[in-house]
Amino acid sequence: MLVLAPLGGDANALAECIESSGLQACCLSSATQLAKRLAAPDEPEALMVVLTHEAADADVGRILADTMNAEPEWSRLPILILASVANRPPPACAVLDREIESASYVLLERPAPPAVMVRLLGTLAGTRKRQFQTRDLLRRLEEEEKRTTFLLGELRHRVRNSLAVLRSLFKMTARTSQSVEELSVTFGERLRTLSDAHIRLANEAGGENTLATLVKDHVAPYAPDPGQVTIDGPAVRLTESVAFDLALVIHELATNAAKYGALSVPDGLVEVRWLLDNDSATLDLSWRESGGPPVQAPTRRGLGTTLISGFFASEGSAPELSYDPDGLAWLAKLPKDCFALTGDANIRGQDCQPYQS
């Protein structure tokens, strides 16, 4: 609570009353200090402003009016003015009445009984705290709306991807099948594993969040030959949030590899490796393709590229995505609070069969 009381020991007396209510007081000595404190972005937000009659001049009224005009709709800064005579309000009140519609100030004639002051301070502080709760709720709703919009876009993108992958898998299966019966059986198995991968992706937050499981589950369905995929790295468990986000990225890399890259041809290879960086305590994760068709960077940035490039970009360590002549390469760093080494033996090998559900 901000206190502006320039005469005698008023500020100290008010601060004692405020702190006896379990709240924190910040005593200011001038209108200039009040203006700076209200505008300081790195200071704790004020629950309310307490003024004595002598402090509530027209300049202070304009400072408070400017503050209120700059506030969002959910907010209204409470102001308590201790007036010498209740029916003769100080100049700040006239400024607030003129410039602010339904200005939220309370005029209390002094001396006020301590019990009344304590109850009033608690009520006004509680009102302000509920305003902050409303603000936090609005922010969470905005974040959820953005995430929902992203996921709907990802769903549409994934459906388009799935159709393209199905066509590619069918062509490759038909090319290697010796009969219609073999084509039916082999392609049916691949459809089942593809379906399982989509189901696991939808339920990623509740699954077994090990990195090896995630890679196997989301890459193997797109590899016509399991030997085309190699994984290598220590046994790692991921947090739920990063497991879901990483599953989206690995799924995107795998579908792109099946449509255009190393998994679209019989001799293509994908290497997925991760290693603990002892200096930064991050986990370095890489996806490298080789043996596939010539790679070209896309001419436009679609949702898939945005997803792959944006993984942990907000953490200041955006992934590296390169379209090398040998094949696509993607390198990312997982922050140390997103994973834990389990102490099990390293995961290493080819023949990347998916884990069975």
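The values are calculated or read from the model by the stated rules, or taken from the named source; none is laboratory data. On a predicted model such as this, the values are computed, not experimentally measured, just so you know. Cβ: placed from backbone, ideal geometry, glycine included. Neighbour counts: every protein chain shown. What goes into the accessible areas is simple: the full protein's heavy atoms, side chains included, and nothing from ligands, DNA or RNA. Shrake-Rupley method; radii C 1.70, N 1.55, O 1.52, S 1.80 Å.
When the residues of region 104-134 are filtered to those that are touching a residue at least 40 places away in the same chain (Cβ under 8 Å), over 17 Å from L2 (Cα atoms) and open to solvent by 30 Å² or more (accessible area, probe 1.4 Å), the one that is farthest from the chain's Cα centre (by Cα) is R110. For L248, the test of being under 19 Å from G343 (Cα atoms) and open to solvent by less than 50 Å² (accessible area, probe 1.4 Å) is failed.
Taking the numbered list (1) part of a strand (DSSP E or B); (2) under 21 Å from Q133 (Cα atoms) in turn, V50 passes all entries but (2). When restricted to residues that are in contact (Cβ under 8 Å) with a residue 40 or more places away in the chain, open to solvent by 40 Å² or more (accessible area, probe 1.4 Å) and among the polar types (S, T, N, Q), region 15-65 contains 1.
If you check D284 against the conditions, is it in a strand (DSSP E or B), out of contact with any Ser or Thr (no Cβ under 8 Å at 6 or more places or on another chain) and open to solvent by 10 Å² or more (accessible area, probe 1.4 Å)?
Spelling it out, D284 is indeed in a strand (DSSP E or B), out of contact with any Ser or Thr (no Cβ under 8 Å at 6 or more places or on another chain) and open to solvent by 10 Å² or more (accessible area, probe 1.4 Å).
Within region 83-103, if we keep just the residues that are more than 44 Å from the chain's Cα centre (by Cα) and not in a helix (DSSP H, G or I), the residue that is surrounded by the fewest Cβ atoms within 10 Å (Cβ to Cβ) turns out to be N87.
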